[in-house]
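The values are calculated or read from the model by the stated rules, or taken from the named source; none is laboratory data. Quick caveat, the model's predicted, so the values are computed rather than measured. Note: ideal-geometry Cβ built from the backbone for every residue, glycine included; neighbour counts use all protein chains shown.
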Amino acid sequence: MTIIQPGRSVQPPVSAGFEHVNRYWDNVHQTWAAKILPGEFYVSTHGEMIVTVLGSCIAACIRDRVRGIGGMNHFMLPEQGEHSSDVWGSNPSTHASRYGNWAMEYLINEILKRGGRRENLEVKLFGGGQMIASMSDIGQRNILFAYSYLANENITVSAADVGDVFARKVLYFPDTGSVKVRRIKQLQNDTLIVREAAYQKSVSQPTVSDAGTIDLF
């Protein structure tokens, strides 16, 4: 028997391969949400909200505008470096999206596997802020990579909020295409910067397997 708490709908089933992603009830927006971290992505076939916080990283929000199937990725570096491992392990959603070229490919492929069609894809891009001096080129490199990748795939970017010097919180609704973006001009602490710096270092070193609008709020 399914017990529904007052004000909550039944949590949508999670797609196979994304069980590790943190999913929760968002009281503000009265919807179920999935929060992704750097190196993760998430695809939904239901009316869920996908959430992330970006500094220098880029998030691509991609969906089939006809079927409402879509998702979001969150990557730090454009492509795998020559000293980085190419051994991803068995779960692509937790390994492959460390780099933009893998993050974009896997996100698009997972949407298509669930019934999306390439000709219906709608893409919105966010992030790429210059957060700290020592990482001054990372955000711009990510932005240029994302546009170049999508141009090569003949996919048009329908909306974007990228660059500048601030972080962003992004809320994406793949069933409708609506996006809410909060520009964080003053961080309450250095958690985001420390996390991105540590993540950049980790992905730069060899490893072992293991149609809506943008609203500023």
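Residues in region 54-68 that are in a loop (DSSP other than H, G, I, E, B) and touching an Asp or Glu at 6+ places or on another chain (Cβ under 8 Å) were compared, and the one that is surrounded by the most Cβ atoms within 10 Å (Cβ to Cβ) is Cys57. Per this entry, Glu19 is not counted among residues that are among the charged types (D, E, K, R) and within 15 Å of the chain's Cα centre (by Cα).
When the residues of region 6-39 are narrowed to those that are among the small types (Gly, Ala, Ser) and on the phi > 0 side of the Ramachandran plot, which ends up modelled with the lowest pLDDT? By that ranking, first place goes to Gly7.
It is to be established whether one or more residues within region 101-117 are modelled with pLDDT of 95 or more, of a type outside the set (Val, Ile, Thr), in contact with an Asp or Glu (Cβ under 7 Å, 6 or more places away or on another chain) and assigned to a helix (DSSP H, G or I). No, that holds for no residue. Just so you know, in region 22-36 the residues that are more than 16 Å from the chain's Cα centre (by Cα) and farther than 17 Å from Lys169 by Cβ include one that is surrounded by the fewest Cβ atoms within 10 Å (Cβ to Cβ), and it is Gln30.
Which of the following residues is under 30 Å from Gly47 (Cβ atoms), surrounded by fewer than 11 Cβ atoms within 10 Å (Cβ to Cβ) and at pLDDT 85 or above: Thr176, Thr156? It would help to see each step written out before you state the result.
Working: Thr176 fails: surrounded by fewer than 11 Cβ atoms within 10 Å (Cβ to Cβ).
Being under 30 Å from Gly47 (Cβ atoms), surrounded by fewer than 11 Cβ atoms within 10 Å (Cβ to Cβ) and at pLDDT 85 or above holds for just one of Thr176, Thr156, which is Thr156.
Just so you know, in region 160-187 the residues that are among the β-branched types (Val, Ile, Thr) and part of a loop (DSSP other than H, G, I, E, B) include one that is farthest from the chain's Cα centre (by Cα), and it is Val165.
Just so you know, in region 104-129 the residues that are charged (D, E, K, R) and over 14 Å from Phe41 (Cα atoms) include one that is surrounded by the most Cβ atoms within 10 Å (Cβ to Cβ), and it is Lys124.
Could you count how many residues in region 126-145 are more than 18 Å from Val181 (Cα to Cα) and either modelled with pLDDT of 75 or more or basic (Lys, Arg) (or both)?
First, pick out the residues of region 126-145 that are more than 18 Å from Val181 (Cα to Cα): 132-138, 140-142, 144-145.
Of the ones still in play, those that are also either modelled with pLDDT of 75 or more or basic (Lys, Arg) (or both) are 137-138, 140-142, 144-145.
Of the residues in that region, 7 qualify.
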